[in-house]
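Taken together, the values in this text are just the output of simple stated rules run on the coordinates, not laboratory data. The model shown is predicted, which means the values in this text are computed figures rather than measured ones. Counting neighbours? That spans all protein chains shown, and the Cβs are built from the backbone with ideal geometry, glycine included.
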Amino acid sequence: MTEKVTIPAVARRAGVNPSSVYRRWGTTSALLADVAAQRQDEGTPELLGDLRKDLERAALSTLADLSRPGGVAFFRAEVAPDVDERRAGLRECLERVSTRFHAALKAAAQRGEATPPLERVLDHVVASLYFRVVFSIPETDEDYARGLVTDLYDSAHATPQPPRPHPDPAPPSDANATQPAPT
């Protein structure tokens, strides 16, 4: 069984007085958010020079961060009970995750590649991963993450199709009218 994350538990594990931890971070949420930020910084994937592969690596890195032990706990800590802490934590979380994907999009744009807007990447890839991991939805794995990127990439690079003309509406029919029998 895992130990609940509390300031006294962290201090005990670190071999320091809890007051030292309280002075540095103040709350468990602040401590976990700081740890999450450091973990995220360590895991920023190197760009490969291909938008699809770079987005895929960023998605896999995001999934790995969320899926590793404590990953969801770090996210939940950023969604602190205090409204001001929650807003700040969510902004920091969004900024860290956005940085991963923004770097890939910026590099691709500089190479002249068509890129989807960052907001679309966040909505389609990041939000889906967070939702599925937080709610423990089965089969949220690397194949799923790759599929999200493939869908996004393919839709961003699809050749726009001309709109199909709508057929003329059928003439009004009188439901009470009888049709003559074929002869």
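Residue by residue through the stretch 59-68, which ³J(HN,Hα) values in whole Hz follow from phi under the Karplus form 6.51 cos²θ - 1.76 cosθ + 1.60 (θ = phi - 60°), with glycine and proline marked x?
Residue by residue, the stretch 59-68 yields 5, 5, 5, 4, 4, 4, 4, 5, 7, 5 Hz.
Order of 48-54, 61-67 by packing, highest average Cβ count within 10 Å first?
On the way: 48-54: 16.9, 61-67: 19.7.
Highest to lowest by the protection proxy: 61-67, 48-54.
Can you give the FRET efficiency for Asp123 and Arg91, using 1/(1 + (r/R0)^6), R0 = 22 Å, r = Cβ-Cβ distance, to the nearest 0.05? Could the numbers behind the result be given before it?
Numbers: r = 17 Å, r/R0 = 0.77.
FRET efficiency, Asp123 to Arg91: 0.80.
Enumerate the calculated ³J(HN,Hα) couplings along the stretch 16-28 in order (Karplus 6.51 cos²θ - 1.76 cosθ + 1.60, θ = phi - 60°), each rounded to whole Hz, writing x wherever the residue is Gly or Pro.
For the stretch 16-28, the Karplus-derived couplings read 10, 6, x, 4, 5, 5, 4, 4, 6, 10, x, 9, 4 Hz, x marking Gly and Pro.
Could the peptides 142-151, 95-104 be put in order, highest first, of the mean number of other beta-carbon atoms found within 10 Å of their residues?
Numbers: 142-151: 16.1, 95-104: 18.4.
In descending order of packing, they fall as 95-104, 142-151.
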